[in-house]
Structure formats: C-alpha cells, structure tokens
1. Out of all the residues in region 217-240, which are in contact with a helix residue (DSSP H, G or I) (Cβ under 8 Å, 6 or more places away or on another chain), part of a loop (DSSP other than H, G, I, E, B) and surrounded by fewer than 24 Cβ atoms within 10 Å (Cβ to Cβ)?
2. Quick check: is even one residue across region 244-255 touching a residue at least 60 places away in the same chain (Cβ under 8 Å) and in contact with a strand residue (DSSP E or B) (Cβ under 7 Å, 6 or more places away or on another chain)?
3. Does at least one position in region 420-432 carry a residue that is part of a loop (DSSP other than H, G, I, E, B), modelled with pLDDT under 90, at positive phi and assigned by TED's automatic domain parsing to the domain that holds residue 322?
4. Read through the list (1) within 30 Å of residue 286 (Cα to Cα); (2) in contact with a helix residue (DSSP H, G or I) (Cβ under 9 Å, 6 or more places away or on another chain); (3) at pLDDT 95 or above; (4) not in a loop (DSSP other than H, G, I, E, B), then give the number of the only condition that residue 400 fails.
5. Residue check, residue 259 against (1) within 21 Å of residue 73 (Cα to Cα); (2) in a helix (DSSP H, G or I); (3) in contact (Cβ under 8 Å) with a residue 60 or more places away in the chain, all met but one. Which one?
6. Please work out if residue 438 is out of contact with any strand residue (DSSP E or B) (no Cβ under 7 Å at 6 or more places or on another chain), exposed (fewer than 12 other Cβ atoms within 10 Å of the Cβ) and not assigned by TED's automatic domain parsing to the domain that holds residue 188.
7. Within region 327-345, is there a residue that is at pLDDT 90 or above and within 17 Å of the chain's Cα centre (by Cα)?
8. Can you name every residue in region 13-30 that is in contact (Cβ under 8 Å) with a residue 12 or more places away in the chain and surrounded by fewer than 11 Cβ atoms within 10 Å (Cβ to Cβ)?
C-alpha cells in the first residue's frame with residue numbers, strides 16, 4: 001500500500017516571541033560566551049581545525065575560544081535552506097521556511113510489547129514496526145528510530161538504520177550514530193539507499209543529530225562522527241539539553257544563551273571544515289525540579305525554550321529542529337498527547353522547519369505503539385488551526401444563505417453536501433459505540449487503528465540488491481566493531 005501524502009503544518013500567519021532588540025541581546029550574549037569563556041573540545045582533530053582558522057585554542061586544557069568575526073564568517077557559509085531527501089521524491093522535505101515537518105521521538109529504551117502488553121527492553125523489531133506506522137501516518141514526515149535496538153549492543157545504531165530504511169520511504173534521522181566508525185558505515189548505508197553520491201548529496205536520505213554536553217562542552221566521538229557525516233554531505237544538527245538550575249543558569253534566558261553557545265560552537269566547526277555543509281540548530285533545554293532535582297522537559301516559563309530556539313536558529317541563518325512532543329509525560333494516554341498542542345502551534349507559527357518528539361512517554365524512554373497515533377491526532381488539530389480561516393466567496397456561502405432564507409434548513413443543499421465532505425474530523429474522538437450509547441474511548445480507537453496499520457500497510461520495499469548491500473555493511477561493521 002502506498003503511504004498517504006504528507007500533511008505538513010503550513011501556517012497562514014506568523015508570530016514572534018523575541019523583538020529585534022532581544023534577538024540582538026541573545027546574539028551578543030552567545031558571542032561573549034564563545035569569546036570570553038569558550039568551550040571544552042576533547043577532539044584533537046576538531047582542535048586542529050579550529051586552530052587552523054584562527055581560533056584561540058588551548059591544546060593542553062582543550063579549551064577553544066572563538067572571536068566574534070570568526071563565528072559570523074563561518075556561519076555565513078551555512079545554507080539557510082536545503083532538502084532532506086527520502087527514498088521517494090514525493091516525501092522529500094524542502095526546508096524553505098513554508099512548512100513545519102515533524103518526526104517521532106527517538107532512542108527510547110523500553111517498549112510495551114504490541115502482542116503481550118508486557119513492559120520490556122526495546123529491540124530492533126520495535127524500530128521496524130514503528131517505522132511502518134510512521135510510513136503510513138501523514139503527520140510524520142520523517143523518522144527517528146523511536147527506540148533503541150538493544151538486542152544488537154554496540155551495533156544498535158546501524159541496525160536501527162537498516163530497520164528504518166527497510167520499513168519507510170521517508171527521510172531517516174539518527175540520534176545514535178555518535179562515533180566516527182559508525183559514521184563511516186552510516187554514510188555507506190545512506191549511499192546505498194540514495195543510489196549514488198550525487199543523489200545522496202542533493203537529496204540525502206539520512207541526517208544526524210549530535211548532542212553537545214552542558215555546560216559548554218563537546219563530545220569527542222560525536223564531533224568526529226559529525227565531521228564524517230558532514231564531509232559526505234549529510235545534514236548534521238546539534239542539540240543542547242542544558243538544564244536550568246544544574247547544567248545551566250537558574251534563569252530561562254541564561255540557559256538559552258548557554259545552550260545557544262554550545263550549538264553555535266559545533267556549527268562553526270562544521271562550516272570551518274566543510275563550508276556550505278547542511279547543518280541545523282536544535283534548542284531542547286529543560287529545567288530542574290527545585291524539590292527533587294529531576295529533569296523536567298518544561299515548566300510554565302520554560303515552554304519558551306522551544307519557540308525561542310526557533311528564532312535563534314533563524315537569526316544565525318540555519319534551519320531548526322524544534323522540540324514539540326509529549327515525551328516528558330509520566331504516562332501514556334490522551335491527556336499526555338493533548339498537553340503539547342500549544343507548544344507545537346507556537347513552534348510552527350515561529351517558523352520551525354522541522355520538529356520531533358512524538359510517540360514516547362516517561363521522559364522519552366517508554367514506547368506504547370498506539371501513543372504515536374494519539375500524538376498524530378493532536379498534530380492534525382494544530383495543523384488545521386495553523387492553516388487559518390478560509391474566507392473565500394464560496395466559504396461565505398452568501399448565495400446559499402440567500403436561498404435558504406430565514407427559518408430554512410441547510411441539510412438539503414448541495415453546498416452543504418460538498419462542504420461537509422471537505423471538513424476534517426477526528427479519526428479517534430466522537431466515534432459512536434455500536435449500541436449508540438455514547439462514544440468510544442479514544443485510546444481504544446487508537447489501538448485499533450495501530451493494529452489496522454500493521455495488518456494492512458506494507459511500505460514500498462527497497463530493492464533486493466539494496467537489502468543485500470545493507471546486510472553487507474552490517475557484517476563489515478560487526479567484524480570491525482565487535
């Protein structure tokens with residue numbers, strides 16, 4: 001079965017969180033941090049690149065400081081717009097600022113078994129199953145391997161990619177390829193899926209997300225993996241998860257400035273090494289619970305993290321990956337999904353090109369397969385809201401109003417039949433029970449829809465030759481890594 005067309009969020013109106021003066025303040029703060037405080041970078045390869053381009057590098061203590069003009073010059077080479085490709089061109093994501101494309105969450109560690117209902121460690125089959133569901137859902141434009149393939153230990157990131165490429169035609173983004181050796185094999189897998197180097201660069205079927213280390217540090221292996229991926233032309237993004245009160249200042253603005261400096265430092269490295277390489281910026285800090293010290297994905301005030309991150313990415317001239325999902329929720333269910341609608345809408349209206357975070361719960365660790373269907377429903381509510389109001393002549397229906405007149409009825413009008421077929425209604429809510437006594441539980445309907453997708457949807461397969469080549473890559477990786 002062919003996957004339904006994508007339905008991205010295309011806002012008909014925009015808003016801003018920060019005014020020009022505030023944007024300038026954040027820019028100045030980030031540049032001051034990078035110049036006067038610097039950041040820790042344990043990769044000798046990266047240190048050499050920074051030093052070659054004039055950065056102030058302390059090789060002994062592995063501290064790098066960047067002058068403002070170096071930062072501005074490097075970032076000016078980053079592309080503002082580019083395409084994240086897919087196996088099928090119909091599912092290419094053109095990051096041109098007109099739409100927000102969303103993805104699943106990723107790297108969960110536990111699953112509620114689809115068959116037995118028992119809680120267990122996640123496995124490769126879960127990655128494949130959820131890729132199939134993602135392939136069908138029009139809300140999900142690209143796929144993060146939603147849980148980890150813990151049955152493959154060190155090779156998990158590459159097995160997650162194979163399971164993903166085999167079960168969706170959509171773009172795949174990996175948050176777990178974080179070593180140089182894995183990066184080399186991931187590039188080869190992307191080349192197999194794309195068909196050749198030129199296609200892989202023009203329409204990359206794979207992108208990567210690399211996390212910085214708060215406060216103000218980079219990871220040795222992850223940054224070297226980022227350099228390998230960027231050299232091949234695959235989009236590489238950097239995410240900061242600084243936490244207000246622990247790994248960041250106990251103010252929202254201070255944490256944002258710190259997180260921004262971390263990401264900018266990494267983007268600068270990529271542009272110094274490979275000018276024009278596609279990159280993106282992903283602001284996903286959290287806040288420490290003052291009573292327990294626990295990480296909170298957001299709070300009332302910290303909800304500003306994500307839309308402000310969108311505006312800072314655009315200030316630097318790069319696309320963004322916004323955090324929008326309910327993964328921090330404590331439990332599965334309808335309420336968990338509904339709670340993030342305002343955040344999705346804010347990020348879309350601020351112009352986010354991509355966003356992720358759908359389908360997991362309990363601090364982004366636990367997968368209930370039906371939760372992705374629940375989250376998709378909230379996505380579509382936001383999509384319809386962001387699209388604005390149709391005020392065309394046909395929508396005003398003045399001819400019909402005149403025809404029906406006072407105390408008439410619209411049910412018999414052709415206009416009513418035509419327009420009611422266009423209106424979008426929920427697949428999950430207000431579904432009548434068979435006995436006509438009220439409505440079904442949306443979670444029950446979501447589970448039913450999940451089962452229907454798995455029973456009926458078969459994503460377009462890779463060719464047999466591509467499948468064999470991916471297997472060869474895995475065998476080669478196993479010989480070298482294990």
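The values are calculated or read from the model by the stated rules, or taken from the named source; none is laboratory data. Computed from a predicted structure; not experimentally measured. Positions of Cβ are generated from backbone atoms using ideal geometry, with glycine treated the same way; all protein chains shown enter the neighbour counts.
1. Result: 232, 233.
2. no
3. Looking through region 420-432, at least one residue is part of a loop (DSSP other than H, G, I, E, B), modelled with pLDDT under 90, at positive phi and assigned by TED's automatic domain parsing to the domain that holds residue 322.
4. The failed condition is (1).
5. The single condition residue 259 does not satisfy is (3).
6. The answer is no for residue 438.
7. For region 327-345, residues at pLDDT 90 or above and within 17 Å of the chain's Cα centre (by Cα): present.
8. 13, 14
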